[in-house]
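Below is one structure; the comments refer to it alone.
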Amino acid sequence: IWEAAHGPQPKGTAIVFIDGDTDHLSLDNLACVTRAELARLNQLNWRNLRSIEARKALIAEVKLLTQAHRRARELGLNWGQRRRLIPQRAKIVVQETEVTHA
């Protein structure tokens, strides 16, 4: 579905289901992310987010941060310089809801 709309999937990328439901095959539920972006999303526990809007926002934020680090490396900045220039993102903590059984 994604390839029909956007062409062949670029090398080094993954197509992810934004809502986490692999049966929901809708173009607006699919996002193409690089492996680096996917790793960062997984570090931030993006699958635990309940809100679709929050997931989309996190994907956009991760794409921006990954691109900022890539550009900084291209400019020759070392890790310490990049860390000072590019804001760090705190890990998202998702509170579990209690399930009560009657």
Worksheet item: Each residue of region 68-83 in order: what ³J(HN,Hα) in whole Hz does its phi give by Karplus 6.51 cos²θ - 1.76 cosθ + 1.60, θ = phi - 60°, with x for Gly and Pro?
Response: 4, 5, 4, 5, 5, 5, 4, 7, x, 6, 7, 4, x, 5, 4, 4
Worksheet, complete the sentence: Reported to the nearest 10 Å², LEU27 has, with a 1.4 Å probe, an accessible area equal to 70
Discussion item. I'm spelling it out carefully: the read-out is Rg and Dmax of the Cα atoms in Å, the candidates are (i) 16.4, 61; (ii) 16.9, 49; (iii) 14.5, 48, and one was derived from this structure. Which label?
Written reply: (i)
Discussion item. If you filter region 1-45 for trypsin sites (Lys or Arg not before Pro), then keep DSSP loop positions with at most 16 other Cβ within 10 Å, what is left?
Written reply: LYS11
Item to complete: For region 31-75, report the accessible area per residue in Å² (1.4 Å probe, heavy atoms, rounded to an integer).
Response: 60
Worksheet item: Roughly how many percent of the accessible protein surface of the chain is carbon and sulfur, given a 1.4 Å probe and a whole-percent answer?
Response: 53
Worksheet item: Heavy-atom accessible area of HIS69 with all protein chains present, probe 1.4 Å, nearest 10 Å²?
Response: 30
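The values are calculated or read from the model by the stated rules, or taken from the named source; none is laboratory data. These numbers come from a predicted model, not from an experiment. Cβ atoms come from the backbone with ideal geometry, glycine included; neighbour counts cover every protein chain shown. What goes into the accessible areas is simple: the full protein's heavy atoms, side chains included, and nothing from ligands, DNA or RNA. Shrake-Rupley method; radii C 1.70, N 1.55, O 1.52, S 1.80 Å.
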